[in-house]
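Student: Just passing along the structure, written as structure tokens.
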Amino acid sequence: MANKQIVDTGKPNHLLRDRAIQLLIYLVVLCVSGIFLWILLDLIRGGSALLSWDFLISMPRDTGRAGGIGSILVSTLLVLSIALLVALPIGWATAVLLAEFIPAMSSFGSWVRYSLQVLAGVPSIVFGLFGYAFFSIYLGMGFSILSGGLTLACMLLPILVSTAEAGLRAVPESYRLSAAALGMSRAATLFHVLLPVAVPAWAAGLLLGIGRAAAETAALMFTSGYVDRMPESLLDSGRVLALHIFDLSMNVPGGDAPAHASALVLILLLLMINLVAMHLTHLWQRRKLNTE
Amino acid sequence: MIWWKCSILFQSVSIDRWFNAGLRLGATVAALIMALILLFLLLESWPALQHIPLMRFVTDDAWHPLEDRYNLLPMVTGTLYASSGSLLLVIPLGIASALFMAFYASPRMSMLYRRLIELLAGIPSVVFGFWGLTTVVPLINQWQPPGASLLTAILILTLMILPTLVLTSYAALIAVPDEYLRSAAALGLSRWGMIYGVVLPAARQGIVAGILLAAGRAVGETMAVLMVAGNVVQHADSLFAPIRTLTANIALEMAYAMGDHRAVLFVSGLLLLLLVMILTTMAGWFGKEHHGE
């Protein structure tokens, strides 16, 4: 971590200016940290009253005012698993190709990379429009968990590719040279040498992807739909947790208490996922330093 | 580097070729998704583009889609006001935070603050919206009713795009070569003198790229704005007036839109996509030049 201490040697008015600016910067940091804690405490205070094991497993009743979020959690899990099942093979294949198999400056490589870079910036509501037009209507999946999951898979690709590619690129070149010198083929090198080293980075990317997917709302409004029953098949509509929070707070009068509890569940889940991902990234960076 | 075609670990000679083909297939699918998105937005908005002259999106007297009046302008100004307002707030906050991490904090504090910013980035937009709706809106309502307004949208958006700017500008700041810092110190510059005179100019392109990325996020944000901005179709005349953004408009009306109305919503989606594409492409240029240094 860069911590560059420079001795103050300026004139007195410079000293004063430096102190004032330092104070301002500390104030900004305090402010941001304070707001973060404020959000967390607000959610914990509002949500902890209703949160219980029973709330997690029972079905929502009376459009969500009473009961729990059992079916919502099941739908969320289904949408997530479909998204990952589809996005992981495609994303990781792309990452391996970009990092190991084609030159960084090749035209195919830069086309794929540019396309993914643009995809990463597409607003989630536009993904929602696309998923609705393509999966729900053109492919005839209707409002279903399947079409929601596939829409999410498109959203996840850029983050999966970029984390996995960075993980592979961080493996020192000497590993590849040694593997080639030992007479290993490219595929063998990938599976036996590069992947074992890059695993923490890939896992961190996977977790970040899960976090991104679980947080998504706008892309699922017109694809996986609003129905809060327990889904019976993948072609059923299923309401995900984030959408449940939105619906309760905007469309259901008196839905604030369960909305608070659902928001608390979602945020605890995401904080956990993100903390583990950060830990993995940290681990990987340390390992990278050790191998260099 | 010369790779062996066969090895004891994978006996088949052609495995590399098959493997390569499989990877190429995956990458092609990944790259085609963007083209597919563009294609389907164009296809769906085609009916509207075909028989509604483009000028009508700005000259119609109001947004009454059910009576065939499609003036998108209030939503466009809503989006522009909200995102430029939040950019004005986030630029000083974000750069100050990045400077704190790079030059003012101890390594431990810096790491801690970085974690906090990363966690802030992980909070879903619907939770930001919910928090805004239950906490910020009532607060502003006591001061200037109705509370759900441009100001609330700006505040919530600022929190949401802050991590993007902080993390990118931090990366740009620590990429400034150490020699610059040492030379500045040797010249007797004070800490702020060094930051203002040496570090910020050297990291300018990376920071601008971060600002553009943050702008892209602000323009594309839907749920949080939908929940706190009040959603009245009008040109905002003050900070306390409720507004509706392009994204919120799509989210609100898509559920019941038919025919031309639906096509016009797809047109606004296309507009959003183009706007964000321009911003991210520009950010890409700046980022590349910055790395090229």
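The values are calculated or read from the model by the stated rules, or taken from the named source; none is laboratory data. As the structure is a prediction and not an experimental result, all values here were calculated from the model. No Cβ is skipped: glycine too gets one built from the backbone with ideal geometry, and neighbour counts run over all protein chains shown.
Student: Among the numbered conditions (1) outside any helix (DSSP H, G or I); (2) at the interface with chain A (Cβ under 10 Å from one of its Cβ atoms), tell me where B:Val276 comes up short.
Tutor: The number of the failed condition is (1).
Student: If A:Asp236 passes every condition in (1) farther than 17 Å from A:Gly46 by Cβ; (2) in a helix (DSSP H, G or I); (3) more than 23 Å from the chain's Cα centre (by Cα) but one, which one does it miss?
Tutor: For A:Asp236, the exception is condition (2).
Student: Can you name the residue in the range A:115-137 that is more than 7 Å from chain B (Cβ to nearest Cβ) and surrounded by fewer than 21 Cβ atoms within 10 Å (Cβ to Cβ) and, of all such residues, is farthest from the chain's Cα centre (by Cα)?
Tutor: First, pick out the residues of the range A:115-137 that are more than 7 Å from chain B (Cβ to nearest Cβ): A:120, A:127-128, A:131-132, A:135-137.
If we keep only those that are surrounded by fewer than 21 Cβ atoms within 10 Å (Cβ to Cβ) as well, we get A:120, A:137.
Numbers: A:Ala120: 12, A:Ile137: 27 Å.
Per the stated criteria, the residue is A:Ile137.
Student: Specify the residue that is modelled with the highest pLDDT; the eligible residues are those in the range A:53-79 that are of a type in the set (Ser, Thr, Tyr) and either closer than 30 Å to B:Ala96 by Cβ or more than 26 Å from the chain's Cα centre (by Cα) (or both).
Tutor: Here is the first cut: in the range A:53-79, the ones of a type in the set (Ser, Thr, Tyr) are A:58, A:63, A:71, A:75-76.
Still in the list and also either closer than 30 Å to B:Ala96 by Cβ or more than 26 Å from the chain's Cα centre (by Cα) (or both): A:58, A:63.
Working: A:Ser58: 85, A:Thr63: 80.
So, considering only residues that are of a type in the set (Ser, Thr, Tyr) and either closer than 30 Å to B:Ala96 by Cβ or more than 26 Å from the chain's Cα centre (by Cα) (or both), the one modelled with the highest pLDDT is A:Ser58.
Student: Being among the polar types (S, T, N, Q) and farther than 13 Å from A:Phe55 by Cβ is the filter here, so list the residues in the range A:261-275 that pass it. Spell out the reasoning first.
Tutor: Of the residues in the range A:261-275, the ones among the polar types (S, T, N, Q) are A:262, A:274.
Across the range A:261-275, the qualifying residue is only A:Asn274.
Student: Sticking with this one: Could you please tell me which pairs satisfy a Cβ distance under 6 Å, a separation of 6+ or placement on different chains, a first residue in the range B:76-100 that is more than 13 Å from chain A (Cβ to nearest Cβ), and a second residue that is part of a helix (DSSP H, G or I) and among the small types (Gly, Ala, Ser)?
Tutor: From residues that are more than 13 Å from chain A (Cβ to nearest Cβ), the pairs are B:Ala82/B:Ala153; B:Ser86/B:Ala218; B:Leu87/B:Ala215.
Student: While we're here: Can you tell me which residue among A:Leu190, A:Leu156, A:Leu195, A:Leu207 is buried (at least 22 other Cβ atoms within 10 Å of the Cβ) and closer than 24 Å to A:Ile273 by Cβ? It would help to see each step written out before you state the result.
Tutor: Working: A:Leu190 fails: closer than 24 Å to A:Ile273 by Cβ; A:Leu195 fails: buried (at least 22 other Cβ atoms within 10 Å of the Cβ); A:Leu207 fails: buried (at least 22 other Cβ atoms within 10 Å of the Cβ).
Result: A:Leu156 is the single residue among A:Leu190, A:Leu156, A:Leu195, A:Leu207 that is buried (at least 22 other Cβ atoms within 10 Å of the Cβ) and closer than 24 Å to A:Ile273 by Cβ.
Student: Take the range B:234-261 and flag every residue that is closer than 24 Å to B:Leu273 by Cβ and among the hydroxyl-bearing types (Ser, Thr, Tyr).
Tutor: Within the range B:234-261, B:Thr245, B:Thr247, B:Tyr256 qualify.
Student: Would the range A:194-201 turn up any residue that is touching a residue at least 24 places away in the same chain (Cβ under 8 Å), within 7 Å of another protein chain (Cβ to nearest Cβ) and over 18 Å from the mean Cα position of the chain (by Cα)?
Tutor: Looking through the range A:194-201, none of the residues is touching a residue at least 24 places away in the same chain (Cβ under 8 Å), within 7 Å of another protein chain (Cβ to nearest Cβ) and over 18 Å from the mean Cα position of the chain (by Cα).
Student: Ok, one more. Taking interchain pairs and intrachain pairs at least six residues apart, which have beta carbon atoms under 8 angstrom, with the first residue in the range A:247-275 and closer than 24 Å to A:Phe222 by Cα and the second among the acidic types (Asp, Glu)?
Tutor: What qualifies is A:Leu248/A:Asp256; A:Ser249/A:Asp256; A:Gly255/A:Asp247.
Student: From the list B:Ser183, B:Ser169, pick out the single residue that is surrounded by 20 or more Cβ atoms within 10 Å (Cβ to Cβ), among the hydroxyl-bearing types (Ser, Thr, Tyr), more than 7 Å from every other protein chain (Cβ to nearest Cβ) and under 24 Å from A:Asp18 (Cα atoms). Reasoning before the result, please.
Tutor: Working: B:Ser183 fails: surrounded by 20 or more Cβ atoms within 10 Å (Cβ to Cβ).
Just a single option satisfies the conditions, and that option is B:Ser169.
Student: Grab the helices (runs of 4 or more DSSP H) fully contained in the range B:114-212, keeping just those with 1 or more residues being touching a Leu at 6+ places or on another chain (Cβ under 8 Å) and under 17 Å from A:Trp38 (Cβ atoms). First the steps, then the outcome.
Tutor: On the way: elements: B:125-131, B:137-143, B:150-174, B:178-186, B:191-194.
Because the criterion is at least 1 residues that are touching a Leu at 6+ places or on another chain (Cβ under 8 Å) and under 17 Å from A:Trp38 (Cβ atoms), the helices (runs of 4 or more DSSP H) in the range B:114-212 that meet it are B:125-131, B:137-143, B:150-174.
Student: Just to check your reading of the model, which residue among B:Leu270, B:Leu239, B:Leu246 is under 18 Å from the mean Cα position of the chain (by Cα) and either within 20 Å of B:Ser84 (Cα to Cα) or at pLDDT below 90 (or both)?
Tutor: Values: B:Leu270 fails: either within 20 Å of B:Ser84 (Cα to Cα) or at pLDDT below 90 (or both); B:Leu239 fails: under 18 Å from the mean Cα position of the chain (by Cα).
None of the other options fit; the residue is B:Leu246.
Student: In the set A:Ser75, A:Ser71, A:Ser81, which member is part of a helix (DSSP H, G or I), polar (S, T, N, Q), touching a Pro at 6+ places or on another chain (Cβ under 6 Å) and in contact (Cβ under 8 Å) with a residue 12 or more places away in the chain?
Tutor: Details: A:Ser71 fails: touching a Pro at 6+ places or on another chain (Cβ under 6 Å); A:Ser81 fails: touching a Pro at 6+ places or on another chain (Cβ under 6 Å).
Residue meeting the stated conditions: A:Ser75.
Student: Follow-up. Could you tell me which numbered condition A:Thr281 fails, if it satisfies all but one of (1) closer than 30 Å to B:Leu252 by Cβ; (2) within 13 Å of another protein chain (Cβ to nearest Cβ); (3) touching a residue at least 60 places away in the same chain (Cβ under 8 Å)?
Tutor: (1)
Student: Considering only residues of the range B:249-267 that are over 22 Å from the mean Cα position of the chain (by Cα) and not in a loop (DSSP other than H, G, I, E, B), which is surrounded by the most Cβ atoms within 10 Å (Cβ to Cβ)?
Tutor: Going through the qualifying residues, I end up with B:Val264.
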